[in-house]
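Novice: I am attaching a structure below and will ask some questions about it afterwards.
The values are calculated or read from the model by the stated rules, or taken from the named source; none is laboratory data. Only a predicted model underlies this, so the values are computations on that prediction, with no experimental measurement involved. Glycine gets a Cβ as well: all are built from the backbone with ideal geometry, and neighbour counts include every protein chain shown. These accessible areas exclude ligands, DNA and RNA; they are computed on the full protein's heavy atoms, side chains included. Shrake-Rupley method; radii C 1.70, N 1.55, O 1.52, S 1.80 Å.
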Amino acid sequence: MSLTLTAGDLTIHRIIEQETTFLPGQELFPSLTADVLAENRAWMKQAKAIDDSDTLILCFQSYIVKTPHHTILIDSCIGNDKPRPTRPKWNMKTDDTYMRGLKAAGVSVDDIDYVMCTHLHVDHVGWNTRLDNGRWVPTFPKARYVFAKGEYDYWTEQHAKAAVPPFGDSVLPIVEARKAEIVSNDFSIGDHARILPTPGHTPGHVAFTFGRGKDDAVFSGDLMHSPLQTRYPDMSPKFDVDPAQAAVTRRSFLDRYCDTDTLCCTAHFPSPSAGKIRRRGDAFSCEMVSG
């Protein structure tokens, strides 16, 4: 599935691989109390962010950003043929949903100039590679793949201690194919794409900002997983490597973009997944756009 948004001189396509139930709210967010869940259940259900059994609904997707100069893919989602035994919905997938989404957006794998990963978790790198005669090869053969150095170094160290399958099948083959750009935080692509460091979920997690001279759009990766976190910025999921740092980063990010025209494109909020950050008392909300 592909949905289209615009911001400044950018055209943005959402390529949805899955939009599905994930984990119970109180399992994903250890600090989520029954009382807070009850207070927020109605609007969360209306937003299709939670189901009748209090299980969170998450979107797993990539964004394609067309600037006047480049076609850039943000986070390559889950992927096919990848052994992911702990996640049955992701394990050894063979469906054509993602490729149909690209086609619906009018994009082929040869059209992508850059693949930019906010971080290197399993559901953000999967389509970096595809299986070809038993080998993992770059899915986007003409693209340069952008990995933040802090993130790449962290997972290199982890992988040396014990195999990290997504790193082994979806990152290292890119490096071996000499398609990787291991970049510092001052990296930019022309006058349209920049890195915004957002550590906490992982040590080297970054967001990407786009726009000439200002941030017309920002891609927040796993800085936030659910719109509930805009109301409660200190609420970190169990997957954050440094929950305290993630909470500080999240509030700083929300403050930065609050009451601006920047389109915040989230990785996992339910459709339409993108909106404008607005102040709500001591916290925030994300006013979704249609798309």
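Novice: Using only the C-alpha atoms of the stretch 52-98, find the volume of their convex hull and express it per residue in Å³.
Specialist: Hull volume over Cα atoms, normalised by residue count, gives 120 Å³.
Novice: GNM on the chain, C-alpha springs below 10 Å: top fluctuator among Ile12, Ile182, Ile277?
Specialist: It is Ile182.
Novice: Could you give log10 I(q)/I(0) at q = 0.12, 0.16, 0.20, 0.22 Å⁻¹ for the stretch 1-68, computed by the Debye formula over C-alpha point scatterers of equal weight, without solvent?
Specialist: Calculated log10 I(q)/I(0) at the listed q: -0.45, -0.67, -0.81, -0.88.
Novice: Carbon and sulfur atoms: what percent of the 1.4 Å accessible area of the chain do they account for?
Specialist: Answer for the chain: carbon and sulfur cover 51 percent of the accessible area.
Novice: What's the extension gain from Asp51 to Ala34 if we count 0.36 nm per residue and subtract their Cα-Cα distance?
Specialist: Result for the pair: 4.6 nm of gain on full extension.
Novice: Same structure, new question: Along Cα→Cβ, 7 Å out, is where each label goes; now give me the distance between the ones at Asn185 and Asp9 in nm to one decimal.
Specialist: So the label points at Asn185 and Asp9 sit 2.9 nm apart.
Novice: With every protein chain left in place, what is the accessible area per residue of the stretch 1-121 in square angstrom, probe 1.4 Å?
Specialist: Computed with neighbouring chains in place, this is 42 Å² per residue.
Novice: To continue, here is another question. Can you show me the helix-derived [θ] at 222 nm for the chain, built from DSSP H runs with n ≥ 4 at -39,500 (n - 2.57) apiece and divided by the number of residues, rounded to the nearest 500.
Specialist: -6500 deg cm²/dmol
Novice: Per Stokes-Einstein, at 4 °C and 1.567 mPa s, what whole-number D in µm² s⁻¹ belongs to the stretch 1-158, with the Kirkwood radius over Cα pairs as the hydrodynamic radius?
Specialist: 75
Novice: Given the convex hull over the Cα atoms of the stretch 89-198, what projected area results after averaging over all orientations, in nm²?
Specialist: So the mean shadow area of the Cα hull is 8.0 nm².
Novice: May I have the convex hull volume per residue, in Å³, for the Cα set of the stretch 134-291?
Specialist: Residue-normalised Cα hull volume stands at 138 Å³.
Novice: A further question follows. Quick one: check the C-alpha center-to-center distance for the stretch 238-265 versus the stretch 42-66, whole angstrom.
Specialist: Spelled out, the Cα-based centre of one part sits 18 Å from the other.
Novice: So what are the ³J(HN,Hα) numbers for the stretch 62-78, from phi and the Karplus equation (6.51, -1.76, 1.60; θ = phi - 60°), rounded to whole Hz, Gly and Pro as x?
Specialist: 10, 10, 10, 10, 9, 8, x, 10, 9, 10, 10, 9, 9, 6, 9, 6, 9
Novice: Note down the net charge around Gly126, summing +1 for each Lys or Arg and -1 for each Asp or Glu among other residues with Cβ under 13 Å from its Cβ.
Specialist: Its environment carries a net charge of 0.
Novice: Need the full-extension length gain, Asp282 to Ala104, defined as separation in residues times 0.36 nm minus the C-alpha distance. One decimal, nm.
Specialist: Answer, rounded to one decimal: 60.0 nm.
Novice: At a Förster radius of 45 Å, what calculated FRET efficiency corresponds to the Cβ-Cβ distance of Met92 and Asp242, to the nearest 0.05?
Specialist: Taking R0 as 45 Å, the efficiency between Met92 and Asp242 is 0.90.
Novice: I would also like to ask the following. Given a cut-off of 23 Å, name the pairs among Lys89/Lys179; Lys82/Lys179; Lys48/Lys276; Lys179/Lys238; Lys66/Lys142; Lys142/Lys214 whose C-alpha atoms lie farther apart than that in the structure shown.
Specialist: Lys89/Lys179; Lys179/Lys238; Lys142/Lys214
Novice: On to the next question. Semi-axes of the equivalent ellipsoid of the stretch 189-240: what are they in whole Å, largest first, if each equals the square root of 5 times a C-alpha gyration tensor eigenvalue?
Specialist: 24, 13, 7
Novice: Let me know the Rg and Dmax you get for the chain when you use only its Cα atoms, in Å.
Specialist: According to the Cα coordinates of the chain, Rg and Dmax are 17.8, 56 Å.
Novice: For the stretch 179-291, what does the accessible surface come to per residue with a 1.4 Å probe? Please give it in Å².
Specialist: With the other protein chains kept in place, the stretch 179-291 gives 37 Å² per residue.
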